[in-house]
Amino acid sequence: MFDYQRFFLDNGLEVIVHEDSSSKIAVFNLLYKVGSRFEQPGKTGLAHFFEHLMFGSSAHVPEFDRELERVGGSCNAFTSPDITNYYMTLPSSNLETAFWLESDRMAHLSLTEKSIETQRKVVLEEFKQRYLSPPYGDVWHHLRRLTYEVHPYRWPTIGANLQDIEGYSREMIWEFYQNHYHPGNAILVVAGGVSQKEVYRLAEKWFGPIPAKKKNHFSISQEPLQTSRRSLEIQAKVPTDALYKVFKMPAKGIEGYLESDLISDLLGGGKSSPLEQQLVKNGKVFASIGAYITGSVDPGLLVFSGKMEQGLSAKEAEEALDGVLKDFLQEEILDNSLQKIKNQSEAMKTYESIQLLNRAMNLAYYAHLGDPQLYWQEFEQKASCTSDQLASWSKRLLQEDQASVLYYQST
């Protein structure tokens, strides 16, 4: 556990300070509570598009990156279905530059026709290069549409299609900026060689004057309960068949979420896992296979995905996978197997906490969920999960009527 202080500005900005006197570096992490989950059909990909726009110019900053590089800093960002996160690292002595840069683009981003069209071209090219050109690149476009009927998780963060991105109008983009990019929809974490007093002074100076906005309450369509198995066959020019079989699982923070995470680790975590041993090392169908969860704020997915050996089909592979899952449901989960997975989780958490940036990001993310303390509470809850709990949740989750299966077949 690491210490932090937390305060709120009058305009609604949440600020968290994590002091680390051993560091000469400061991390400046600003999380906006907006991702593709807050988009509408026909306007998909806007959250990710805005991530690109934010690295353009603002009223008092001609070039964001250049100004940061002048003081020895670097920056990046990412968009997920649930959040958009911007982060910088720079010498602690130059911390005020980060406050200047980030506050200016929160309040005065230059949404000119030139900047919009420049970034539109960049994002369209990214869509083509990452999702249309590579083998298996469009898997999650198909899989999300198959798995979700009404929830915005049914499209990837880049957007549902090229047409949506081509159709963004300046008015649409401006509305998105006004609705989501304001102090009351953001969480700032400043970590490293900083002091709470100095961060408070700088936050008041640079972010305090930004007006508060009435927070919009967006209605997000809730996914109805899945009652029957779904499947989809895709033909494509890929080296081998691939199989994607997913099961609905509870949302983050809800009972069953941590159990789902542990189940995925038990089944597919590492070279000694049942999936690896039975389907890859000692099997004939799978060339590779893994298991993981999507880890989302609303109900997500427990995913099994693998690629086949040359000439073997995804449907054959599903039969082999189902055999392993059936055995897992019938056999007792051994305490030592579960403890091994928990030990790996603890080691990973310890490793993550070494890096200052990871600490800052985790404080921001769990504050977005409601409380930074959830970061440690979640780990303690995970460590207390029993074999009986996992066995019970396995039987609830790994039901065929909750499955969606994508057969990605080579032509």
Helices (runs of 4 or more DSSP H) fully within segment 250-367 counting 3 or more residues that are in the same structural domain as VAL238 (by TED's automatic domain parsing), hydrophobic (A, V, I, L, M, F, W, C) and more than 30 Å from ASN76 (Cα to Cα): 257-268, 314-330
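Given the criteria assigned to a helix (DSSP H, G or I) and either surrounded by fewer than 22 Cβ atoms within 10 Å (Cβ to Cβ) or touching a strand residue (DSSP E or B) at 6+ places or on another chain (Cβ under 9 Å) (or both), does ALA107 qualify?
Spelling it out, ALA107 is indeed assigned to a helix (DSSP H, G or I) and either surrounded by fewer than 22 Cβ atoms within 10 Å (Cβ to Cβ) or touching a strand residue (DSSP E or B) at 6+ places or on another chain (Cβ under 9 Å) (or both).
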Could you grab me the full set of residues in segment 113-146 that are aliphatic (A, V, I, L, M), farther than 12 Å from GLY159 by Cα and in contact (Cβ under 8 Å) with a residue 12 or more places away in the chain? ILE116, VAL122, VAL139, LEU143, LEU146
Is segment 217-228 home to any residue that is in contact with a helix residue (DSSP H, G or I) (Cβ under 9 Å, 6 or more places away or on another chain), closer than 30 Å to LEU390 by Cα, part of a strand (DSSP E or B) and among the polar types (S, T, N, Q)? no
Is there a residue in segment 189-209 that is crowded, with 20+ Cβ neighbours inside 10 Å, in contact with a strand residue (DSSP E or B) (Cβ under 8 Å, 6 or more places away or on another chain) and part of a helix (DSSP H, G or I)? yes
Scan of segment 15-64 for residues that are outside any loop (DSSP other than H, G, I, E, B), touching a His at 6+ places or on another chain (Cβ under 7 Å) and of a type in the set (A, V, I, L, M), ordered by number: LEU31
Scope segment 215-238; condition among the hydroxyl-bearing types (Ser, Thr, Tyr) and modelled with pLDDT of 95 or more; matching residues: SER228, SER231
Residue, surrounded by the fewest Cβ atoms within 10 Å (Cβ to Cβ), within segment 110-144, restricted to residues that are acidic (Asp, Glu) and not in a loop (DSSP other than H, G, I, E, B): GLU113
Scope segment 216-239; condition over 24 Å from LEU279 (Cα atoms), surrounded by fewer than 12 Cβ atoms within 10 Å (Cβ to Cβ), in contact (Cβ under 8 Å) with a residue 60 or more places away in the chain and of a type outside the set (Ser, Thr, Tyr); matching residues: GLN222, PRO224, LYS237
Go through segment 1-15 and give me each residue that's touching a residue at least 60 places away in the same chain (Cβ under 8 Å) and surrounded by fewer than 22 Cβ atoms within 10 Å (Cβ to Cβ). MET1, PHE2, TYR4, GLN5, ARG6, PHE7, LEU9, ASP10, ASN11, GLY12, GLU14
Take segment 1-56 and flag every residue that is under 22 Å from ALA212 (Cα atoms) and of a type in the set (Val, Ile, Thr). VAL15, ILE16, VAL17, VAL34
Subset of segment 145-171, residues surrounded by fewer than 20 Cβ atoms within 10 Å (Cβ to Cβ), charged (D, E, K, R) and under 24 Å from PRO224 (Cα atoms), comes to ARG145, GLU149
Only listed residue being in contact (Cβ under 8 Å) with a residue 24 or more places away in the chain and touching a helix residue (DSSP H, G or I) at 6+ places or on another chain (Cβ under 6 Å), chosen from ALA186, ALA242, ALA191: ALA191
Can you pull out the residues in segment 269-289 that are modelled with pLDDT of 95 or more, small (Gly, Ala, Ser) and either closer than 21 Å to LEU338 by Cβ or surrounded by fewer than 17 Cβ atoms within 10 Å (Cβ to Cβ) (or both)? SER288
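Take segment 370-411 and flag every residue that is of a type in the set (A, V, I, L, M, F, W, C) and either in contact with a helix residue (DSSP H, G or I) (Cβ under 9 Å, 6 or more places away or on another chain) or exposed (fewer than 15 other Cβ atoms within 10 Å of the Cβ) (or both).
Going residue by residue through segment 370-411, those that are of a type in the set (A, V, I, L, M, F, W, C) are 374, 376, 379, 383, 385, 390-391, 393, 397-398, 403, 405-406.
Correct list: LEU374, TRP376, PHE379, ALA383, CYS385, LEU390, ALA391, TRP393, LEU397, LEU398, VAL405, LEU406.
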Output yes when any residue across segment 389-397 is outside any helix (DSSP H, G or I) and either out of contact with any Ser or Thr (no Cβ under 7 Å at 6 or more places or on another chain) or farther than 23 Å from GLU346 by Cβ (or both), and no when none is. no
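The values are calculated or read from the model by the stated rules, or taken from the named source; none is laboratory data. Please read these numbers as outputs of a predicted model, since none were measured by experiment. Every residue, glycine among them, receives a Cβ derived from its backbone with ideal geometry; neighbour counts consider all protein chains shown.
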